[in-house]
Each structure stands twice: as structure tokens, then as C-alpha cells.
1. How large, in Å, is region 307-456 by the Kirkwood hydrodynamic radius built from its alpha-carbon pairs?
2. What does DSSP give for region 259-454 in terms of the percent of beta bridges that are antiparallel, rounded to the nearest 5?
3. Using only the alpha carbon atoms of region 41-229, find the Kirkwood hydrodynamic radius as the inverse mean reciprocal pair distance, in angstroms to one decimal.
4. Running Debye on region 357-444 with equal point scatterers at the Cα sites and no solvent, what base-10 log of I(q)/I(0) appears at q = 0.22 Å⁻¹?
5. Express the relative contact order of the chain as a whole percentage, based on alpha carbon pairs under 8 Å and six or more residues apart in sequence.
6. Net charge within 11 Å of Pro18 by Cβ-Cβ distance, Lys/Arg positive one each and Asp/Glu negative one each, not counting Pro18 itself?
7. Show that you can apply the helix-only estimate: for the chain, add -39,500 (n - 2.57) for every DSSP H stretch of four or more residues, divide by all residues, and state [θ] at 222 nm to the nearest 500.
8. Angle between the Cα long axis of helix 133-144 and the longest principal axis of the chain, 0 to 90 degrees, nearest 10?
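No lab work stands behind these numbers, since they all come straight from the coordinates. For clarity, every value in this text was computed on a predicted model and none was experimentally measured. As a convention, Cβ positions derive from the backbone with ideal geometry for all residues, glycine included, and neighbour counts pool all protein chains shown.
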Amino acid sequence: MTEEFEEQGGAATMDPSPLMRWLTSRVVRRICGTENVVKRRKKVEKQRVKSGMGHVVEYFHYVEDGYSHLASQVLQAFSERYDIELICHLVMGPQGKNSAEPELLLRLSRYDAFQVAADYSLNFPQHEDAPEPSLVKLASSILAAQTSADFIECAAHVGDALWSRDEARLLSLADNLGRATDDELARKLDVGTARRSRLKHYSGAMFYYGEEWYWGVDRLYHLEKRLAGLGVDREQGQPMVLPRPAVETGELRDNGSLTLEVFPSLRSPYTSIAFDRAVKLAQDTGVKLAVRPVLPTVMRGVPATREKGMYIFSDTVREASEAGVPYGNFYDPIGEPVRRCYSMYPWACEQGRGTQLLSSFLRAAFVQGVNTNSDRGLKKVVENAGLNWAEAKKHIGTGGWEELLENNRLAMYDAGLWGVPSFRLLDEQGNSILSLWGQDRLWLFSREIQRQLANR
């Protein structure tokens with residue numbers, strides 16, 4: 001392993017004590033359990049009614065973020081559809097340990113936003129490079145001068161001019177809408193960023209309602225469902241502003257000329273709800289499957305915070321429920337359990353059961369509540385994968401897997417990705433057709449596979 005993979009400590013520790021592993025698991029199960037989520041929502045609504053407040057949704061906009069520009073395009077439709085007060089904030093990007101690799105994230109936001117925009121009936125230009133800092137500052141100053149109501153109306157127009165690199169249009173918008181001074185802009189950014197921090201989040205393109213966070217256009221449907229359930233949908237029975245795209249395998253099947261690469265990690269909540277679905281997508285469409293596991297992010301030296309971890313675990317609860325997959329009976333496998341499983345992985349691949357081993361481990365850790373830090377728990381993982389425990393034990397703690405996982409990590413980074421799960425669709429020559437990060441991108445890969453097959 002490379003020298004950068006250092007112990008981070010705290011919420012990002014890669015080797016917790018048995019007691020800490022148990023406590024973390026208990027806390028996550030308690031916070032993220034579906035019943036507890038329902039209870040918290042009822043409590044929030046009871047307090048809201050008692051205070052006489054309406055339904056207030058807050059939105060946090062990061063001008064340089066591609067996801068924020070996508071979100072800005074639905075603000076007006078969203079605010080008109082639901083009987084809510086939508087308050088808009090300008091914020092700075094993720095900071096500190098919540099921003100492990102900010103430039104990579106911003107680059108991905110531009111690429112990813114372009115890839116998904118059309119399927120969401122939104123717009124985002126294809127640009128690899130970030131807009132010039134002077135244009136970002138100009139766009140920010142225009143938005144900083146707006147009330148929330150005006151922000152809702154103009155944010156998409158300002159963003160379109162910014163991402164189109166149209167300085168003349170930005171200057172015209174500034175003349176018509178006004179612009180904040182440098183001091184006023186700094187104050188707006190400070191206030192918005194501080195508000196987001198008090199509410200315990202760190203990212204842009206975020207919606208907040210009733211003690212829960214919803215990320216951009218990809219999670220808006222969760223918020224829409226919640227608001228509809230509270231009786232504030234002005235168009236009940238009509239399609240949502242942004243319904244969740246479905247993973248549709250279609251009728252066309254490949255002959256193995258396409259390859260779906262999957263980059264999973266054994267401690268990733270999102271991987272746990274996507275891995276089996278990705279395997280099934282490959283099987284159902286006839287594309288070849290290439291599984292390329294990597295170390296969990298904190299075991300790669302990527303810092304993490306408790307607030308980031310809690311958001312990811314709680315968000316996965318909603319995503320798992322929507323996808324109809326089990327999730328939530330969690331027993332933390334970070335550190336030694338992951339190493340022990342990966343040390344068996346090359347042998348499992350030789351037996352033709354490598355994918356099954358990873359699937360079994362994820363199911364044990366995230367669905368069955370199995371303590372994979374014990375031989376008893378690991379035995380269950382191995383046997384549920386269709387492997388022999390007596391033989392498997394011989395390979396626990398052996399080397400050779402480190403280089404394999406490191407090569408996978410480097411390939412993932414070379415593709416402009418670093419989070420898990422990540423996916424790549426390759427053509428027959430091994431050229432990348434599509435590469436994206438996130439379990440919530442499987443639907444796009446399913447569509448791209450069908451597009452590739454239809455164009456032959």
C-alpha cells in the first residue's frame with residue numbers, strides 16, 4: 001500500500017476497538033432504523049404545528065458546483081408545486097475533513113451533471129474545465145444581491161450564463177438584477193455556510209426540511225414524497241417534479257462485447273445496496289462483469305467526519321427502501337474484517353466465487369448484523385458464498401491482495417473517480433463509454449447499455 005494510507009483517528013479510524021466497533025454499530029442502527037426515522041418525522045411535524053410555522057424548505061447553493069446548477073433549474077417548479085416557503089442560501093464548498101479531494105469532486109460534478117442532465121430534462125454544457133474565477137465571482141455577486149424569491153427566479157439564468165462562459169450575458173444580468181459588493185458577497189457566503197454548518201451538513205446543492213437533508217435533483221423525489229404525505233402537494237396525483245429514474249434493462253441483450261466494471265468497497269453503505277443490483281444488471285443485459293474491489297475510503301487515508309457518515313448512512317436507508325433492497329442491520333466491518341476478507345478474495349476468484357464472497361460479506365455487515373471481526377462471523381460469510389471454510393482459513397492474512405486493490409484504485413482514479421461504488425462501461429476494445437460514481441447512477445448505465453446495443 002502507498003504511504004498516504006494513514007490512520008485518521010476519530011470518526012475516520014480504520015481500526016476501532018471491539019467496544020467502539022460495537023457502539024458505532026448500535027448508534028448507526030438506532031439513528032438509521034426506519035421506525036426511528038418515522039418517529040423523528042412525527043416529532044418534527046408536531047413541533048412545527050405547535051409553533052405555528054409553515055413548511056419551510058432551505059436550499060444551499062454552491063455556485064461552482066455542477067449539481068447546484070442542475071438544482072437551480074427546478075427551484076421554481078418545486079416552489080410552485082408545493083405549499084412551502086423556500087429559503088435560498090449561498091454557500092462555500094465543503095471544507096476541512098468533509099472535503100477530502102475538492103478539485104476531483106468539482107470536476108466530477110461538471111462531468112456527472114452533463115451526463116445526467118438530458119435524462120432529467122435539464123441542461124448542462126459539456127466542459128471539462130471550471131469556469132474562470134472572475135465569472136464565478138460575478139455570478140456569485142448577482143445571486144448574493146437577490147432575495148430568496150428573486151433567487152428562485154433567476155438562479156438558473158445566472159448559472160446558464162456562467163456555465164456557458166457568457167460574460168456579456170452575466171454583465172447584462174448584473175445590470176438588470178443588481179450585484180452585491182465584495183463585502184456583501186462575503187457576508188452572504190459566511191451566513192449561508194454557517195447556517196449549513198449549524199444544521200450539520202457540508203455540501204452544496206442541498207435541500208433541508210424537518211431535520212433531514214436531500215441532495216440535489218437526485219434526492220428531490222424523497223422530499224417531494226414527504227411533502228405530498230403532509231398534504232402540501234398542490235397537484236396531487238400528477239407526476240413529481242423530478243421522479244426517480246428506474247433501472248430498466250430493456251429488451252436488447254449483449255453478446256459480451258460490452259463490459260461493466262464495478263468498483264466496490266466492503267465498508268460502503270452505498271455499495272451494500274448497489275452491488276447485487278449491478279451484478280444483476282450485467283447478467284440481465286448480457287454484458288461482461290468485471291469486479292474491481294478497492295479499500296474503504298478511510299483505509300485509503302481519506303478523512304471523514306461523523307456528520308458526513310451519519311448523512312450517508314441515513315440517506316442509504318431511503319435509497320434502499322426505494323430500491324426495494326434490505327439494509328440497516330449494521331455491524332461495522334472497518335479495518336481487520338475488511339483485510340481478512342480481501343486476503344481470501346484472490347483464492348475465492350480462483351474458485352469462481354469472488355463476486356459471491358464480496359456479496360456475502362456486504363450482506364452480513366449491512367443486512368444481517370453479523371460481526372465479521374470474529375471467526376464465527378467470517379465463517380458464515382464464507383459458507384454463504386458457497387466456499388469451504390476449512391480451506392478459506394488457510395488464506396486469511398496472506399498477502400498479494402494489496403497490489404490487486406491498489407491497481408484497482410489507480411484505475412478508478414485514472415477514470416476521474418474515487419468514491420464507491422463507481423462504475424465504468426467499456427466497449428469491445430476496452431475504451432470507456434461511460435464512467436460514473438454512485439449507486440444512484442445504475443439507471444444511467446442501464447439506459448446507456450440499451451443505447452449502445454440499439455445503435456449497432
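1. 17.3
2. Working: 10 of 14 bridges.
Among the beta bridges of region 259-454, antiparallel pairing accounts for roughly 70 percent.
3. Numbers: mean 1/r = 0.0589 Å⁻¹.
Across region 41-229, the inverse of the average 1/r is 17.0 Å.
4. Values, matching the q order: -1.07.
5. Numbers: 686 pairs, mean separation 89.9, N = 456.
The normalised contact order for the chain reaches 20 percent.
6. Values: positive: Arg21; negative: Asp15, Asp332, Glu336.
Local charge sum for Pro18: -2.
7. On the way: 18 runs with 237 residues, N = 456.
Helix contribution divided over all residues of the chain: -16500 deg cm²/dmol.
8. Orientation of helix 133-144: about 60 degrees from the principal axis.
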